[in-house]
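First the structure, in the form of structure tokens, and then the observations on it.
The values are calculated or read from the model by the stated rules, or taken from the named source; none is laboratory data. None of the values given here were measured: they were computed from a predicted structure. Cβ sites come from the backbone with ideal geometry, for glycine too, and all protein chains shown count toward neighbours. Note: accessible area is taken over every heavy atom of the protein model, side chains too, but ligands, DNA and RNA are not part of it. Shrake-Rupley method; radii C 1.70, N 1.55, O 1.52, S 1.80 Å.
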Amino acid sequence: MKKYSLLIIFLFSALVVKAQEGKKWTLQECVNYALENNISVKQSELDVELTDLGRRDAIGNFLPNINASATNSWNTGLTQNVTTGVLQTQTTRNFSAGVTASLNLFDGLRNFKQLQRSKISELASQYALDRMKDDITLFVADSYLQVLFNKQNLEILRMQNEVTQEQMERTRELVEAGSLPQGDLLEIEATNADERQRIIVAQNNIRISLISLAQTLLFKDYENFDIVERDYNIFGTEILDNPVEDIVEQAKEERSEIKIAEANRELAQKDVEIAKGAYYPSVGAFFNYNTRESGQGRIVGAEIDPNDPTREIGVVEETGDIVVAPNTLTTIGSPLPFFEQLQRNDGMTYGVQVSVPIFSGFATRNQVRRSQVNARRAEYELEQAELDLEANVYQAYVDAEGAFEAYEAALVAANAQEQAFEYSTQRFDVGISNAFEFSQAKLRYENAQSEVLRTKYDYIFKLKVLELYFGVPVTDLKF
């Protein structure tokens, strides 16, 4: 029974491994995997966590600070006996404890400004994460489309090579029959060899592009990585019907680049307000509770002995015993219990503290000016971000229009080359043209088909770039 169980487990594991090896990834799966595992995205997510901790720190500034302390010490050496007043070598023990609380009541509203700043900083880090995800998505999409192009280009080469091999067999028969010269067969064979070489190059291009995509995803099993082979149609071209100015305005409202620059400007303005808060007085409240205990008695209420002016009579505070000092040590009794001493010796201190800034060596003024300079810099950076975005949108719009025109031109050229190839094939079949002319027509047709594929995927990608600027979320991108 145990053997059968092990066999079942082995077969199940083999099936799982085989299924994983045979899995082909869709574009959406690649994008999702990249967003979950890309190192840059993970670093941006850590930045978001850090800004969240900064917000929590800002909230904590409104809460009181509470600290507790306790000290238990022993002192050995020649010291005065607090009971008799006589210097003697002894070991004394003392214990003290306390709790201190402080609360910031007013600091020029810097606490409030710091909380507002932390919230803005959290938004800015989230915008940066969104931008990173957009960049990763486009990078993955570009790599994915490159793999598709290489795969479909390989299919074109194989299909054309099948035609070449058919023509080669037919030419061989005609040469053997004496209808065609030997040179035509040699030309077809050379064309076949050249196409076989191009097929090998295309296969290598597929492998290289798959490895590049796998590395982008941080997928380690390069050998078993593959994508779904499908043809992506072109749609969503209606975005080009919008005036480019409308796309620019939409991009300024939606794109993370502008949101990040706006958040940085707000952060710089808050830094100015926080720096100015140092000009105002700060008010704080404090409270302290403390107590102590000692392992040795302490004389209180000492008076001169009426019978002997050289002596004093006192009472040991911790025990209540009456002693005479200076005198030889007498049995005084044990000190009061630990907790009873703590109760009798406790005390409290509380109050309000005001600190008024008068002069700090121009440090506050310089910090305010420094913050104001940074605020102006943030304003310029926002203006530059808007200019860069406008330029990028115009560039993306022109690129998309140019890619569309190139795709249409490639379709027209491919159609013309197809007709030319069919005509050349007919002429070659009846012996009007030679093998060289046939091979050249076939090569031009192959190149035209490859150009259609290249311009098609280039146009699809540039449409997606333009859609992102128009505010289409990453998850809504369709290919």
Picking from E408, E437, E446, E467, which residue would you name as being in a helix (DSSP H, G or I), of a type outside the set (A, V, I, L, M) and at pLDDT 90 or above? E408
L115 fails exactly one of (1) open to solvent by less than 50 Å² (accessible area, probe 1.4 Å); (2) without any contact (Cβ under 8 Å) to a residue 12 or more places away in the chain, namely (2)
Please verify whether segment 164-184 includes one or more residues that are open to solvent by less than 40 Å² (accessible area, probe 1.4 Å) and outside any helix (DSSP H, G or I). yes
Collect the residues in segment 145-169 that are closer than 17 Å to I200 by Cβ, free of Cβ contacts under 8 Å to residues at least 60 places away in the same chain and not basic (K, R), keeping them in residue-number order. N150, L154, E155, M159, N161, E162, Q165
So, in segment 370-419, exactly how many residues are among the hydrophobic types (A, V, I, L, M, F, W, C), open to solvent by 30 Å² or more (accessible area, probe 1.4 Å) and free of Cβ contacts under 8 Å to residues at least 60 places away in the same chain? 10
Test: Y457 is modelled with pLDDT under 90, part of a helix (DSSP H, G or I), aromatic (F, W, Y) and under 30 Å from E249 (Cα atoms): yes
Specify which of the listed residues (S73, S69, S44) is part of a helix (DSSP H, G or I) and of a type in the set (S, T, Y). S44
Within segment 99-116, identify whether any single residue is of a type in the set (G, A, S) and modelled with pLDDT of 90 or more, and answer yes or no. yes
Filtering segment 249-293 down to residues that are among the hydrophobic types (A, V, I, L, M, F, W, C) and under 22 Å from N111 (Cα atoms) yields A263, L267, A268, V272, I274, A275, A278, V283, A285, F286, F287
What's the number of the only condition in (1) surrounded by 11 or more Cβ atoms within 10 Å (Cβ to Cβ); (2) at pLDDT 90 or above that N67 fails to meet? (1)
Tell me which residues, restricted to segment 430-439, are in contact (Cβ under 8 Å) with a residue 12 or more places away in the chain and not aromatic (F, W, Y). G431, N434, A435, E437, S439
Here is a check on your reading of the model: is A396 of a type in the set (A, V, I, L, M) and more than 30 Å from the chain's Cα centre (by Cα)? no
One residue is enough: does segment 135-144 have a residue meeting the conditions touching a residue at least 12 places away in the same chain (Cβ under 8 Å), closer than 30 Å to F219 by Cβ, touching a strand residue (DSSP E or B) at 6+ places or on another chain (Cβ under 9 Å) and open to solvent by less than 70 Å² (accessible area, probe 1.4 Å)? yes
Would you check if Q20 is modelled with pLDDT under 85, open to solvent by 90 Å² or more (accessible area, probe 1.4 Å) and of a type outside the set (A, V, I, L, M, F, W, C)? yes
With respect to I211, determine if the residue is open to solvent by less than 70 Å² (accessible area, probe 1.4 Å) and on the phi < 0 side of the Ramachandran plot. yes
Subset of segment 244-275 [more than 13 Å from A128 (Cβ to Cβ) and charged (D, E, K, R)]: E245, D246, E249, K252, E253, E254, R265, E266, K270, D271, E273
Mind listing just one residue for me: the one in segment 214-238 that is part of a helix (DSSP H, G or I) and at pLDDT 80 or above and, of those, surrounded by the most Cβ atoms within 10 Å (Cβ to Cβ)? L217
